[in-house]
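The values are calculated or read from the model by the stated rules, or taken from the named source; none is laboratory data. These numbers were taken from a predicted model, which means no experiment stands behind them. Please note: Cβ atoms are built from the backbone with ideal geometry, for glycine as well, and neighbour counts cover all protein chains shown. Side chains included, ligands, DNA and RNA excluded: accessible areas come from the protein's heavy atoms. Shrake-Rupley method; radii C 1.70, N 1.55, O 1.52, S 1.80 Å.
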Amino acid sequence: MVKSLANVAADFPILEHKINGERLAYLDNAATTQMPQPILDKTQNFYQTKNANVHRGVYTLAQEATEAYEQARQKVQHFIHAAHANEIVFTHGTTESLNLIVHSYGEQYLHAGDEIVLSVMEHHSNLVPWQQLALKKGIKLNYINLTKDHELDLVELKQKITNKTKVVALCHVSNVLGVINPIEQIAHWAHQKGAILVVDGAQAIPHMCVDVQKLDVDFYAFSGHKMLAPTGIGVLYGKYELLEQLKPWQYGGEMINHVGLYQSSWADLPAKLEAGTPNIIGALGLGWAIDYLQQFGMSQIADYEQKLLAYLLPRLKEIPGITIYSPQQQLASGIVSFNLQGIHPHDVATALDQEGVEVRAGHHCAQPLMQTLGINASVRISIYLYNTLADIKQLLTALQETREFFTYESK
Ligand code: PMP
């Protein structure tokens, strides 16, 4: 039975807090999300009754903690429809997952003269690691531009994936534009030319059903804290045969099979890629977040976010002097970026904060995209399952007031 989203906000205690004396409308979910009471309770209960290190002790607490940690891995496996639990590597987040691929796969298999295809809409964490590898090894970076509607230019993409391309690395959903890229189609093009596809799924996984086998992605990275889990936990999914080939990128406890004074051998997957004590509570929290989201079903969550956007977008468009950067057809990701003419985005965010509305302003870790759009910064609204029509109305009223205040100031 799918649970209704009707009263979901009541599960999130932080939403009862007042901000600057006003009701909190938290609309910065693309940055990080809030935790529901059931996950907060389970976290406390783990530390009160179950805490131990994993994969080490033979005593009961340690075995139970290990079992819970491995169950969390299985929950992730099923959530993203991976074929095996050992294709799920726990990391600190999307950034670390992507750095892991660049360090291991990139260092091992990419050479001078090879090419990497990226897009101008990438978050810095799916751009800078590849850029640094390219500088070190003499690899060429080919960037895909936007169409005039601010979607990925698929014609250019198809042309730029050539026999020289070794890696195509793209976001599933842009953290600024909210646009959803057609990953399955892109995987097909990449594989036709013998390249692998690395996907930054940080903004997709929290909002939609992702099936890594259907998409046929080679690597897929995401963070727990954008889907109700604690910060500091993330996932790298990789096809088994690819992960198998990777050399470890960090060395130490847990990732070895045998250690001698001058030689060592490595553990099987996924331990080989998880050196040291992992973020146990983070992994458990991610598993609980998946349980929580699955009560509602990802398609109900996506439909609900669509409805909020359907209310928001036409009203946003009516605001005089607004420029909306997000393409307006496919915003199931819940992200809308915009600017108000003559008002700095930081001023907009600061004024909204006075009204209890929390949104992000800045370059959103996507400076190349800002350059492409011809701006330095934008305001970003990002919604999630616990947002309500009341939040959207509060935002729209606060935006009107902000615009009127600054228009009056500049007269
Ligand atoms: N990629 C995208 C598209 C993101 O939105 C983010 C987070 N803003 C990241 C990568 C980095 O995620 P994290 O900071 O959790 O590693």
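Scan the range 33-41 and give yes if some residue there is at pLDDT 95 or above, open to solvent by 40 Å² or more (accessible area, probe 1.4 Å), touching a helix residue (DSSP H, G or I) at 6+ places or on another chain (Cβ under 6 Å) and of a type in the set (Val, Ile, Thr), otherwise no. If you could, list the steps in order and put the result at the bottom.
Restricting attention to the range 33-41, the residues satisfying the condition of being at pLDDT 95 or above are 33-41.
The next check asks that each one be open to solvent by 40 Å² or more (accessible area, probe 1.4 Å); those that pass are 35, 37-38, 40-41.
From the residues that got through so far, the ones that are touching a helix residue (DSSP H, G or I) at 6+ places or on another chain (Cβ under 6 Å) too are 37.
From what is left, the residues that are of a type in the set (Val, Ile, Thr) are none.
Checking the range 33-41: not a single residue is at pLDDT 95 or above, open to solvent by 40 Å² or more (accessible area, probe 1.4 Å), touching a helix residue (DSSP H, G or I) at 6+ places or on another chain (Cβ under 6 Å) and of a type in the set (Val, Ile, Thr).
Conditions (1) within 16 Å of the ligand (Cβ to nearest atom); (2) touching a residue at least 24 places away in the same chain (Cβ under 8 Å), marked per residue:
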site	(1), (2)
Ala62	no, no
Glu70	no, no
Ala82	no, yes
Val89	yes, yes
Ser97	yes, yes
Gln108	no, yes
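Quick check on this structure: which one of Pro320, Pro345 is more than 23 Å from Tyr386 (Cα to Cα) and open to solvent by less than 60 Å² (accessible area, probe 1.4 Å)? Full working, then the answer.
On the way: Pro320 fails: open to solvent by less than 60 Å² (accessible area, probe 1.4 Å).
Result of the check over Pro320, Pro345: Pro345.
Which condition number does Lys193 fail, the rest of (1) within 24 Å of Arg73 (Cβ to Cβ); (2) free of Cβ contacts under 8 Å to residues at least 40 places away in the same chain being met?
(1)
Collect the residues in the range 188-202 that are under 23 Å from His111 (Cβ atoms) and more than 16 Å from the ligand (Cβ to nearest atom), keeping them in residue-number order.
If the condition is that a residue be under 23 Å from His111 (Cβ atoms) and more than 16 Å from the ligand (Cβ to nearest atom), then Trp189, Ala190, His191, Gln192, Lys193, Gly194, Ala195, Ile196 are the ones that fit.
Being within 16 Å of the ligand (Cβ to nearest atom), more than 18 Å from Leu127 (Cα to Cα), touching a residue at least 40 places away in the same chain (Cβ under 8 Å) and not in a strand (DSSP E or B) is the filter here; which residues of the range 362-408 pass it?
Listed by number, the residues that qualify are Ile383, Tyr384.
Only one of these is touching a Cys at 6+ places or on another chain (Cβ under 9 Å) and closer than 30 Å to Thr43 by Cα: Ser119, Ser125. Name it. Before you say what the answer is, go through the steps one by one.
Numbers: Ser119 fails: closer than 30 Å to Thr43 by Cα.
None of the other options fit; the residue is Ser125.
Need at least 2 residues that are among the small types (Gly, Ala, Ser) per element, so show me which strands (runs of 3 or more DSSP E) inside the range 194-295 make the cut, counting only ones lying wholly within it. Quick ask: steps written out before the conclusion?
On the way: elements: 196-200, 219-223, 234-238, 256-259, 264-266.
It comes to 219-223, 234-238, 264-266.
Is it fair to say Gly252 is at pLDDT 95 or above and open to solvent by 10 Å² or more (accessible area, probe 1.4 Å)?
Working: at pLDDT 95 or above: yes; open to solvent by 10 Å² or more (accessible area, probe 1.4 Å): yes.
In short, yes.
Quickly run through the range 110-148 and pick out the residues that are within 16 Å of the ligand (Cβ to nearest atom), crowded, with 21+ Cβ neighbours inside 10 Å and assigned to a loop (DSSP other than H, G, I, E, B).
Met121, Glu122, His123, Leu127
I'd like the full set of residues that are more than 16 Å from the ligand (Cβ to nearest atom) and part of a strand (DSSP E or B), limited to the range 149-167.
Answer for the range 149-167, where residues must be more than 16 Å from the ligand (Cβ to nearest atom) and part of a strand (DSSP E or B): Thr165, Lys166, Val167.
Could you tell me whether the range 260-281 includes any residue that is touching a Phe, Trp or Tyr at 6+ places or on another chain (Cβ under 7 Å) and closer than 30 Å to Ser4 by Cα?
Yes: one or more hits.
Among the numbered criteria (1) open to solvent by 10 Å² or more (accessible area, probe 1.4 Å); (2) within 11 Å of the ligand (Cβ to nearest atom), which single criterion is violated by Cys209?
Evaluating Cys209 over (1) open to solvent by 10 Å² or more (accessible area, probe 1.4 Å); (2) within 11 Å of the ligand (Cβ to nearest atom) leaves (2) as the failure.
Checking Gln367 against (1) open to solvent by 60 Å² or more (accessible area, probe 1.4 Å); (2) more than 19 Å from the chain's Cα centre (by Cα); (3) over 30 Å from Lys3 (Cβ atoms), which single condition isn't satisfied?
(2)
So which of Thr60, Thr95 ends up being farther than 12 Å from Ala221 by Cβ, β-branched (Val, Ile, Thr) and open to solvent by 10 Å² or more (accessible area, probe 1.4 Å)? Give the steps one after another, and end with the answer.
Values: Thr95 fails: farther than 12 Å from Ala221 by Cβ.
Only one candidate passes the filter, namely Thr60.
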